[in-house]
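The structure appears right after this line, and notes come after that.
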2 protein chains.
Amino acid sequence: MKLATLKNGSRDGRLVVVSKDLTCYCAADNIAPTLQAALDDWANIAPKLQALSLDVENQAAPCERFHEHDARSPLPRSYQWADGSAYINHVELVRKARGAEVPESFYSDPLMYQGGSDSFLAPRDPIPLGDVSWGCDMEGEVAVITDDVPMGVSEEAAADHIKLIMLVNDVSLRGLIPGELAKGFGFFQSKPSSAFSPVCVTPDELGEAWQDNVIFLPLMVDYNGEAFGRANAGVDATFSLAKLVSHAAKTRPLAAGAIIGSGTVSNQDESGGPGKPCNEGGLGYSCIAEIRMIETINHGAPKTSFMKQGDTVRIEMRDAENHSIFGAIEQEVVGV
Amino acid sequence: MKLATLKNGSRDGRLVVVSKDLTCYCAADNIAPTLQAALDDWANIAPKLQALSLDVENQAAPCERFHEHDARSPLPRSYQWADGSAYINHVELVRKARGAEVPESFYSDPLMYQGGSDSFLAPRDPIPLGDVSWGCDMEGEVAVITDDVPMGVSEEAAADHIKLIMLVNDVSLRGLIPGELAKGFGFFQSKPSSAFSPVCVTPDELGEAWQDNVIFLPLMVDYNGEAFGRANAGVDATFSLAKLVSHAAKTRPLAAGAIIGSGTVSNQDESGGPGKPCNEGGLGYSCIAEIRMIETINHGAPKTSFMKQGDTVRIEMRDAENHSIFGAIEQEVVGV
């Protein structure tokens, strides 16, 4: 099934079931008022939402037209947002651009940062930018939402706790990252509010594209209206999303509604080298930092600038029939 | 006024108003079901809670006996928990113990890490420890709860957004910190679930002890039944709690119910040197790591071990009349 949270003036929005083709929705707030409320009692609530989803497909429920711009992030605020770094190609490029090695442990022990989760942006909200020198960048990623996950869960058991899947734009302020990482406590000001796709879906909606807890489909990232990234989220994923959930729960439980992200989706070139841009026949990039690294590796310095007022990003994923699965994140940078 | 959240089998507990002497409470869930709900509409709800608080003091409301062990953390789960490091003495000791300098910027630009907020412990809950080699430690701190804070708020304006104050045990796994910090993304597994004091209070409850957005009272930390720390939370605070709120909101807003912590309370010795233990007439320490650093500085190696199964910590703050303000955090380490 596909779920969304519509704007209704409240902090957590209104839960709706969306048709598989994203054309219409049926209110679900008589089952659970919000997606968080549904996740808090998922074992009881999910079957009722599934039944409603079936009715929506069979046109047996009262539906209205679904507009993606009426949707908020599926969880407009959440209790947990942690972002991994499953695509080591991305990490390798960062390190290569500054002439450093990737530690051997990075191939078995996931990188993960604790994100802030109190003020997510809606998928069509502008990205507020205080200063262009902050180096605003998008990061196109996949994320999962879990139910309650016990402390110390194994990767295998973690897979069963993945209840919903969505896309994310993990907005990053590259200009603030070096200073924060030098302080040693990780990201804080350099990771402002993220935005998630208009719709989240249960794993079964992905069919055979959901294998081994990753999605074997291209993540389509457009920048200022042009194809920028087409990397396949199932390829070059060093860690599955279940592994990242297990990592997050090593020393504490995760509460229902926890969101765990994949990190920036990134594929190697066919030759095993750094990828080519989309307009040169490559799979491109899911963030600007990556093309800047490749420019640095190839030419000694980056050419592409980070985002400024008026720049736009679009992040979407389409199935084998070219139908949008999650709807599109579409955001424009605005100065504040 | 003083507020608490009582256990009632739900995820967010039940909001109650507690008498100033912590002996009795009156249910407040007819005003707002939970503390988060109250914070979501604080301007409207706070006056009603204040009126009920007055009735409780005047014995004009139906009260029941308040037991601290029935309380959960005031926000059993929250949307934001960020912890600063206001007491640079603590940072100076860490660095001195390993022969490193404190960067000049640390005296103007606060250290802050993004914490996880989905699974706080109750103030009398055991601390679950998976492995003694994880190096379990307490950190006694002060924390504030804000209403909605706009992005880019000044330190001065941030002060008005501090609505409630409480204590926190920011549990840390010292054995996991070096590995995580070496990876560069900050704390994650090394910062498991924290616990907060049974009661949170509005700033006016602190009287003259609340000055310049810090609390001028000793934080009483007992370890295994003995005085371990008596550092004054108003002394040697390089940054006020308002400054930390402003820092947290530089690049994004904070949502109502955001919790911002002070970092481990730590005082210099009268001589300006590293502090003496309580049993030698000093003010002691609010975490074990600090006494280990001083042992390292003085003797070349630490003597005191981190916490193991059965070890207990108690964190409390008392007013000038020796009355407990927030109730006590009392936790025992248990193996899991």
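Points worth noting:
- Taking every DSSP bridge with both residues inside the stretch B:1-98, close to 100 percent are antiparallel.
- Legend: mean number of C-beta atoms from other chains within 10 angstrom of residue C-beta atoms, peptide A:9-19, equals 1.
- Considering only chain B, percent of DSSP beta bridges that pair antiparallel, nearest 5: 90 percent
- Antiparallel bridge percentage (DSSP; both residues within the protein assembly as shown; nearest 5): 90 percent
- Chain A: mean projected area of Cα convex hull, nm²: 16.5 nm²
- On Cα atoms only, tilt of B:88-97 relative to the major axis of chain B in degrees: 30 degrees
- Rounded to the nearest 10 degrees, the angle from helix A:42-57 to the longest Cα principal axis of chain A is 80 degrees.
- Taking Cβ separations below 4.7 Å as the criterion for a possible disulfide partner, the isolated cysteines in chain A are A:26, A:136, A:200, A:278, A:287.
- Within a Gaussian network of chain A (alpha carbon springs, distance under 10 Å), most fluctuating of A:261, A:84, A:186: A:186
- Amide H contacts under 5 Å for residue B:233, placed H, 5+ residues apart: B:217, B:219
- Computed lengthening from residue A:20 to residue A:57, 0.36 nm per intervening residue step minus Cα-Cα distance: 12.6 nm
- Shielding by partners for peptide A:143-150, expressed as the average number of C-beta atoms from other protein chains within 10 Å of each residue's C-beta, is 1.
- In the protein assembly as shown, the calculated helix contribution to ellipticity at 222 nm averages -5500 deg cm²/dmol per residue, counting -39,500 (n - 2.57) for every DSSP H run with n ≥ 4.
- Close amide-amide hydrogen proximity is noted between residue B:285 and B:229, B:230, B:278, each under 5 Å apart and 5 or more residues distant or on a separate chain (H modeled in the peptide plane; Pro and chain starts excluded).
- Rolling a 1.4 angstrom probe over the protein heavy atoms with all chains in place gives the protein assembly as shown an accessible area of 37 Å² per residue.
- Cα-Cα pairs of the protein assembly as shown separated by more than 42 Å (percent): 25 percent
- Mean-square fluctuations from a GNM of chain B, with a 10 angstrom spring cutoff on Cα atoms, peak among B:24, B:136, B:287 at B:24.
- Sequence ranges B:241-251, A:268-278, ranked by mean other-Cβ count within 10 angstrom, highest first: B:241-251, A:268-278
- Reachable aspartates and glutamates from residue A:2, criterion Cα separation under 16 angstrom, eight or more residues apart if same chain: A:21, A:29, A:55, A:57, A:64, A:68, A:70, A:204, A:205, A:316, A:319
- Tilt relative to chain B, helix B:288-299 - C-alpha long axis, 0 to 90 degrees, to 10: 20 degrees
- Under 13 Å from the Cα of residue B:308 - aspartates and glutamates, other chains or at least 8 residues apart: B:131, B:137, B:332
- In sequence order, the stretch A:141-151 has phi-based couplings of 8, 9, 9, 10, 10, 9, 8, 5, 10, x, 4 Hz under the Karplus curve 6.51 cos²θ - 1.76 cosθ + 1.60, θ = phi - 60°, and Gly or Pro positions carry x.
- The portion of the accessible surface of the stretch B:148-220 made up by carbon and sulfur, rounded to a whole percent, is 53 (1.4 Å probe; DNA, RNA and ligands excluded).
The values are calculated or read from the model by the stated rules, or taken from the named source; none is laboratory data. Nothing here was measured: the structure is a model prediction, and the numbers come from that model. Positions of Cβ are generated from backbone atoms using ideal geometry, with glycine treated the same way; all protein chains shown enter the neighbour counts. Ligands, DNA and RNA are excluded from the accessible area calculation, which covers all protein heavy atoms including side chains. Shrake-Rupley method; radii C 1.70, N 1.55, O 1.52, S 1.80 Å.
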